[in-house]
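Structure, as structure tokens:
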Amino acid sequence: MDARDKQVLRSLRLELCAELLVEGLVIQYLYQEGILTESDVQEIRAQVTNQRKTMMLLDILPARGPKAFETFLESLQEFPWVKDKLEAKRNEVMLVAPTDNEIPGILQHTLKNPPTDQQINKLARGLGSEWEFIVLSLGLTQTDIYRCKANHPYNIQSQIVNAFILWRQRFGNKATLETLCDSLKLGEVDSSIIQQLFQ
């Protein structure tokens, strides 16, 4: 799911939780179209209230690939007003989205530097489960990820920091901010998290 669609879901999160009943056809349609797995469906159904079920769905959707948002819109046949609201918000976000792929106001030579410990900490605070995909795309292995998790079993932020420091140590002068930003974009991380690295 691209950053714009993630932003739309985030900005309407509370309204969706109040208006949307995901138990019926919504979940079944997303399962049928391969957006949700069987375990996702069970996890959503295990939630106590309808609001929590919707929240769980909204937590899962952003990590389900580029078709997730469109398929979610298609699943809202019973809720045309919700679909209209999502589409209107999406068009609004499109109008203000930056047109180029560059990070505004960042000097090129800055991007050639490795990320500082402070930048890695900021990144770790902003990332969720997508961190594993990102460090794999940077060249770490599943074994590296397993070690980071084993070293910090109860603290996801520490696992993430550990992984990015390992990447910086292993790849030396190839471990640049530019490489990191490219991987974050590839992992469809929200652009605001990337911009926070430079503030």
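Structure data summary
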{"read-out": "Some residue of segment 29-38 being open to solvent by 60 Å² or more (accessible area, probe 1.4 Å), at pLDDT 90 or above and of a type in the set (S, T, N, Q)", "value": "yes"}
{"read-out": "Among residues of segment 141-165, those that are open to solvent by 10 Å² or more (accessible area, probe 1.4 Å) and farther than 15 Å from N121 by Cβ, counted", "value": "10"}
{"read-out": "Subset of segment 7-21 (residues that are modelled with pLDDT of 80 or more and open to solvent by less than 30 Å² (accessible area, probe 1.4 Å))", "value": "V8, L9, L12, L16, C17"}
{"read-out": "Meets criteria (within 24 Å of A3 (Cβ to Cβ), crowded, with 18+ Cβ neighbours inside 10 Å and either modelled with pLDDT of 90 or more or of a type in the set (S, T, N, Q) (or both)) for W131", "value": "no"}
{"read-out": "Subset of segment 29-50 [without any contact (Cβ under 8 Å) to a residue 12 or more places away in the chain and among the polar types (S, T, N, Q)]", "value": "Q32, T37, S39, Q42, Q47, T49"}
{"read-out": "Entirely in segment 39-96, the helices (runs of 4 or more DSSP H) that have 3 or more residues that are closer than 15 Å to Q28 by Cα", "value": "50-60, 68-74"}
{"read-out": "Number of positions in segment 166-176 that are touching a residue at least 40 places away in the same chain (Cβ under 8 Å) and crowded, with 16+ Cβ neighbours inside 10 Å", "value": "3"}
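The values are calculated or read from the model by the stated rules, or taken from the named source; none is laboratory data. Small disclaimer: the values here were computed from a predicted structure and weren't measured. Cβ coordinates were reconstructed from backbone atoms using ideal geometry, including for glycine residues, and neighbour counts include every protein chain displayed. SASA here: full protein model, heavy atoms, side chains in, ligands and nucleic acids out. Shrake-Rupley method; radii C 1.70, N 1.55, O 1.52, S 1.80 Å.
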